[in-house]
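Undergrad: Can you keep this structure in mind? I'll have questions shortly.
The values are calculated or read from the model by the stated rules, or taken from the named source; none is laboratory data. This structure is a prediction, so every number in the text was calculated from the model and none was measured. We place every Cβ from the backbone using ideal geometry, glycine too, and count neighbours over all the protein chains shown.
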Amino acid sequence: MSDWVIGIEIGGTKLQLVAGASDGSLLERRRFAVDPTAGGQGIRLQIESALPGLLSLRPASAIGVGFGGPVDWQSGRIACSHQIPGWSEFPMAAWLGSLSGLPVAVDNDANVAALAEACVGAGRGFHSVFYVTLGSGVGGGFVQGRSIYHGAKPGECEIGHLRLDRAGQVVEQRCSGWATDRRIREAVQQRPESLLARLIGGHVGGEARHLVPALQADDPTAQVILQETACDLGLALSHVTHLFHPEVIVLGGGLSLVGEPLRRAVAEALPSFLLEAFHPGPGLLLAGLSEDAVPVGALLLAGKSTSTLRG
């Protein structure tokens, strides 16, 4: 029988507190927008306000946290947030433990999402799963045998900061959501007659959401952007493959909502960067949990912490 546990996702734009089973079954959710100007203290006030309500539903055995930034997962201390001030060296596990009286496990949000996708999402049934999230930034996590791979603290599988050239261009600058938005803006300025340009109109921000209808209509400008992004991502994932040799790679985050065209393009690009002996390379899958990946992973993380305590 699964324990009742609490999961928390702390990001740069949203905060989610969930309750459910330690097998990842999500049953209750509280979602909040994050005000960056309020800093870490503002998010902590939101947690202090919402947590008692979830804890009152039934006795919980642990709390799991997926945090948007580097953490010391062993001590539960935050290293820093690249988006929200007021988190550097914050003792997250100790603080939540004092609020709840429960054991607390803390990890990077990409690691936690990787755990969810590997255990109950698209990577279920595979022993080794690499997850890459293509959102406002680019993050990654590696799971083997249903356990998160941990390297030397505080970094983990920071695929977003892999360099694509000697000049210092990194994956995040080419494959993140905001980078794709920028790439689209530049392309439509050069091709104002394109369908993609007409779909965007004069709006600025979130341009990547127009890729799907443009690709469905075989817009050449959208096709070029897709192929450039897939090629950059394929190069980055070739390094992952040469180092970790995962059975499958799962594509998540907002940009993955482009769907099958993106998955297929990356799958076609990846082998060209691989040592021939490693062909055809790992399978490429689209994430199955969407925005639930981190909160579901946080529930699983909490469940693992209770199993560890029981010995």
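Undergrad: (1) among the β-branched types (V, I, T); (2) at pLDDT 95 or above; (3) within 17 Å of A38 (Cβ to Cβ): which one isn't true of I84, the others all being true?
TA: (2)
Undergrad: Let me ask you something else. When you go through G168, G125 one by one, which is the residue that is closer than 27 Å to I225 by Cα, out of contact with any Lys or Arg (no Cβ under 9 Å at 6 or more places or on another chain) and not hydroxyl-bearing (S, T, Y)?
TA: None of the other options fit; the residue is G168.
Undergrad: May I pose another question? Taking L309, is it at pLDDT 95 or above and not hydroxyl-bearing (S, T, Y)?
TA: For L309, the condition - at pLDDT 95 or above and not hydroxyl-bearing (S, T, Y) - is not met.
Undergrad: Right, another one. I'm checking my understanding of the structure. Among residues of the stretch 254-290 that are in contact (Cβ under 8 Å) with a residue 60 or more places away in the chain and within 15 Å of the chain's Cα centre (by Cα), which one is farthest from D109 (Cα to Cα)?
TA: By that ranking, first place goes to L285.
Yes/no matrix, rows are residues, columns are (1) in contact with a Leu (Cβ under 6 Å, 6 or more places away or on another chain); (2) surrounded by fewer than 23 Cβ atoms within 10 Å (Cβ to Cβ):
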| position | (1), (2) |
| --- | --- |
| A214 | yes, no |
| A217 | yes, yes |
| V224 | no, yes |
| P246 | no, no |
| A269 | no, yes |
| A277 | no, yes |
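Undergrad: Residues S49, S2: which one is over 23 Å from G177 (Cα atoms), modelled with pLDDT of 95 or more, exposed (fewer than 15 other Cβ atoms within 10 Å of the Cβ) and more than 19 Å from the chain's Cα centre (by Cα)?
TA: Values: S2 fails: modelled with pLDDT of 95 or more.
Among S49, S2, only S49 is over 23 Å from G177 (Cα atoms), modelled with pLDDT of 95 or more, exposed (fewer than 15 other Cβ atoms within 10 Å of the Cβ) and more than 19 Å from the chain's Cα centre (by Cα).
Undergrad: Further question on the same structure: Here is a check on your reading of the model: is G7 small (G, A, S), without any contact (Cβ under 8 Å) to a residue 60 or more places away in the chain and within 19 Å of G76 (Cα to Cα)?
TA: No, not satisfied.
Undergrad: Okay, moving on. How many residues does the stretch 110-121 hold that are surrounded by fewer than 23 Cβ atoms within 10 Å (Cβ to Cβ) and either under 14 Å from the mean Cα position of the chain (by Cα) or in a helix (DSSP H, G or I) (or both)? Reasoning before the result, please.
TA: Our first condition is that a residue be surrounded by fewer than 23 Cβ atoms within 10 Å (Cβ to Cβ); within the stretch 110-121, this holds for 119-120.
Checking the rest, the ones that are also either under 14 Å from the mean Cα position of the chain (by Cα) or in a helix (DSSP H, G or I) (or both) come to 119.
Residues that pass the stated criteria total 1.
Undergrad: What single numbered condition from (1) modelled with pLDDT under 95; (2) of a type outside the set (S, T, Y); (3) out of contact with any Pro (no Cβ under 9 Å at 6 or more places or on another chain) fails to hold for G125?
TA: That leaves (1) as the condition not met.
Undergrad: Mind listing whichever residues of the stretch 173-193 are surrounded by fewer than 17 Cβ atoms within 10 Å (Cβ to Cβ) and assigned to a loop (DSSP other than H, G, I, E, B)?
TA: Within the stretch 173-193, R191, P192, E193 meet the criteria.
Undergrad: Please give the number of the condition L26 fails out of (1) touching a Pro at 6+ places or on another chain (Cβ under 7 Å); (2) within 28 Å of K153 (Cβ to Cβ).
TA: The number of the failed condition is (2).
Undergrad: With respect to A94, is the statement that it is aliphatic (A, V, I, L, M), free of Cβ contacts under 8 Å to residues at least 40 places away in the same chain and surrounded by fewer than 23 Cβ atoms within 10 Å (Cβ to Cβ) true?
TA: Spelling it out, A94 is indeed aliphatic (A, V, I, L, M), free of Cβ contacts under 8 Å to residues at least 40 places away in the same chain and surrounded by fewer than 23 Cβ atoms within 10 Å (Cβ to Cβ).
Undergrad: I'd like to check something: does the stretch 137-149 contain any residue that is outside the structural domain of N108 (by TED's automatic domain parsing), without any contact (Cβ under 8 Å) to a residue 40 or more places away in the chain and part of a helix (DSSP H, G or I)?
TA: For the stretch 137-149, residues outside the structural domain of N108 (by TED's automatic domain parsing), without any contact (Cβ under 8 Å) to a residue 40 or more places away in the chain and part of a helix (DSSP H, G or I): absent.
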